[in-house]
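J.: Before I ask anything, let me first share the structure, which is written out below as structure tokens.
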Amino acid sequence: LRALQADLQRGGGTEAFWREVVEGGGYLAEPAESGQVRVTFLWRGTPDTRSVHLNWPVWAPRMDDNAFEHLAGSDVWYRAVLLPAGTRLTYQLAPDAPIGADAPRPERRDALLAVSQTDPLNRKLWPADPALGRFDRYSVVELEGAPPLSFTEPRPSARRGGAQSFDLFSSALGQQYSAVLYRPPGPPSTEPLPLLIVFDADRYLERIEATAILDNMIAQGAIPPLAAVFVVNPSAETRASHLACNPKFSDFLADELIPAVRARLAITREAAQVIAAGASYGGLAAACAGLHRPDAVGAVLSQSGSFWWAPGGGEGPAGSDSEPNWVARAFAARERAPLRFYLNSGVLEAGSGIRDSTRALRDVLRAKGYAVVHEEFAGGHDDLAWRQTFPRGLIALIGSGTGVSP
């Protein structure tokens, strides 16, 4: 950009610059201090462009922290950030979002989302489905050293499991629920199957493509055949109240959902073979299922769990007046239960409180004598990152011990 600015001052233009950007992947990536990479996002503006914002899976205390700068006398708008080597993340760009300067954060966020779209300079898009429009897909930053997306690609040799939707009414919650039951490929098992309970069904079925991952992992012997039930959120409101460490939701899982699955499929009666899994609020709910009902859930797979949460709190790390690390303190106050954990968070989730609260929970659990696998990935609060790490959590908790690398 400094070279471009000098060229502009000599009367040059930006055409060659834009050609180089497109050929280079749509963004600039340059070595920076401490082994990091300086990534510069770009937007080619018009005379009418008034603002551009970066919409990415990294918490910003102020939404204007993600605003682009304009290179004077040009059509170049840019925003530079420092990322760890090996980062993989998704992003969108929001040109001319109708954001009022004094509007509350939720209104500003909605205005940003209304115009967020893929980066027209970046050809690497996710999901891969070309039928999706620019507002329904994401551009991808993938820096050198990003780990492979193991078990995620369709494999013709892998037999596919079956899926069946069903409904049930929860007396514990006074709420109608829907779920999708995954049956592993092959003939019916002669032994009861382990059970994986996954929250936020739409996220895991549509974006993370968890059933294809399970098919691939089972076919390669990375995990044993298992059943999985994906729990559909009745609404955004129920998600916020039920997944937020709600004891009644844990009772729903133990006393209503698991028996409903057992009525349809031969599954284990051993809590040790039942895994609760989820991301964000779903990761919080998974940990709290183990906290409240270790008689029914024996393992927790939490991806970027919202462990900043506390009763009565609001959104984000500063959203609660309660003492921090409520979930960690709840585990510390109870006798150790027969639970094992896989916890992860993104290096870029420090600002949201997720990285540090996950570390705090890890430390408390290990001090109590729990078996904990903890990992931090080079990314943010992002479905693509969870797609990458979901197989790792399964191997950590129920891997077949065949030597298959995660």
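The values are calculated or read from the model by the stated rules, or taken from the named source; none is laboratory data. Given the structure is predicted, the values throughout are model-derived calculations rather than measurements. Note that each Cβ is placed from the backbone with ideal geometry, even for glycine, and that neighbours are counted across all protein chains shown.
J.: So which pairs qualify, if the first residue must be in segment 1-16 and more than 14 Å from Leu42 (Cβ to Cβ), the second must be among the aromatic types (Phe, Trp, Tyr), the Cβ gap must be under 9 Å, and the two must be at least 6 apart or on different chains?
T.: From segment 1-16, the pairs are Ala3/Phe17; Asp7/Phe17.
J.: What number of residues within segment 187-220 are more than 18 Å from Trp386 (Cα to Cα), modelled with pLDDT of 95 or more and not hydrophobic (A, V, I, L, M, F, W, C)?
T.: The number of residues fulfilling the criteria is 2.
J.: Given the criteria crowded, with 17+ Cβ neighbours inside 10 Å, out of contact with any Ser or Thr (no Cβ under 9 Å at 6 or more places or on another chain), within 24 Å of Ala350 (Cβ to Cβ) and modelled with pLDDT of 95 or more, does Leu54 qualify?
T.: yes
J.: I want to confirm something. Restricting to segment 128-156 and keeping residues that are outside any strand (DSSP E or B) and crowded, with 17+ Cβ neighbours inside 10 Å, which single residue is farthest from the chain's Cα centre (by Cα)?
T.: Among residues in segment 128-156 that are outside any strand (DSSP E or B) and crowded, with 17+ Cβ neighbours inside 10 Å, the one farthest from the chain's Cα centre (by Cα) is Leu143.
J.: Can you name the condition, by its number, that Asp200 falls short on among (1) closer than 26 Å to Ala310 by Cβ; (2) buried (at least 16 other Cβ atoms within 10 Å of the Cβ); (3) more than 20 Å from the chain's Cα centre (by Cα)?
T.: In the conditions (1) closer than 26 Å to Ala310 by Cβ; (2) buried (at least 16 other Cβ atoms within 10 Å of the Cβ); (3) more than 20 Å from the chain's Cα centre (by Cα), Asp200 misses (3) alone.
J.: Within segment 18-63, how many residues turn out to be part of a helix (DSSP H, G or I) and either touching a Lys or Arg at 6+ places or on another chain (Cβ under 8 Å) or of a type in the set (A, V, I, L, M, F, W, C) (or both)?
T.: Qualifying residue count for the region: 4.
J.: What's the number of the only condition in (1) in contact (Cβ under 8 Å) with a residue 24 or more places away in the chain; (2) within 26 Å of Val22 (Cα to Cα); (3) part of a loop (DSSP other than H, G, I, E, B) that Gly186 fails to meet?
T.: (2)
J.: With of a type outside the set (D, E, K, R), at pLDDT 95 or above, more than 26 Å from Gly399 (Cα to Cα) and surrounded by fewer than 18 Cβ atoms within 10 Å (Cβ to Cβ) as the only criterion, which of Ala337, Ala332, Ala318 stands out?
T.: The conditions single out Ala332.
J.: Specify which of the listed residues (Ala337, Ala367) is within 22 Å of Ala254 (Cα to Cα) and out of contact with any Asp or Glu (no Cβ under 6 Å at 6 or more places or on another chain).
T.: So the residue among Ala337, Ala367 that is within 22 Å of Ala254 (Cα to Cα) and out of contact with any Asp or Glu (no Cβ under 6 Å at 6 or more places or on another chain) is Ala337.
J.: Against the conditions (1) in contact with a helix residue (DSSP H, G or I) (Cβ under 6 Å, 6 or more places away or on another chain); (2) outside the structural domain of Glu15 (by TED's automatic domain parsing), where does Ile99 fall short? Just the number, please.
T.: Every listed condition holds for Ile99 apart from (2).
J.: Going by the conditions given, is Leu348 in the same structural domain as Ala286 (by TED's automatic domain parsing) and part of a strand (DSSP E or B)?
T.: no
J.: What pairs come up if the first residue lies in segment 301-312 and is assigned to a loop (DSSP other than H, G, I, E, B), the second is buried (at least 24 other Cβ atoms within 10 Å of the Cβ) and charged (D, E, K, R), and their beta carbons are under 8 Å apart, counting only those six or more places apart or on different chains?
T.: Final answer for the pair search is Ser304/Glu349.
J.: Tell me the residue from Leu112, Leu121 that is free of Cβ contacts under 8 Å to residues at least 60 places away in the same chain and within 23 Å of Val81 (Cα to Cα), please.
T.: Only one candidate qualifies: Leu112.
J.: Still on this model: Are there any pairs with C-beta distances below 7 angstrom linking a residue in segment 20-40 that is assigned by TED's automatic domain parsing to the domain that holds Leu82 and more than 18 Å from Asp119 (Cβ to Cβ) to a residue that is at pLDDT 95 or above and loosely packed, with under 14 Cβ neighbours inside 10 Å, with the two at least 6 apart or on different chains, and if so which?
T.: So the pair list comes out as Ala32/Leu82; Gln36/Leu82.
J.: Take Arg362 and tell me if it is surrounded by fewer than 23 Cβ atoms within 10 Å (Cβ to Cβ), part of a helix (DSSP H, G or I) and of a type in the set (Lys, Arg).
T.: yes
J.: Output the residues belonging to segment 79-126 that are part of a strand (DSSP E or B), under 20 Å from Gly379 (Cβ atoms) and polar (S, T, N, Q).
T.: Of everything in segment 79-126, those that are part of a strand (DSSP E or B), under 20 Å from Gly379 (Cβ atoms) and polar (S, T, N, Q) turn out to be Thr90, Gln92.
J.: Would you tally the residues in segment 68-82 being farther than 14 Å from Asp96 by Cα and over 29 Å from the mean Cα position of the chain (by Cα)?
T.: 6
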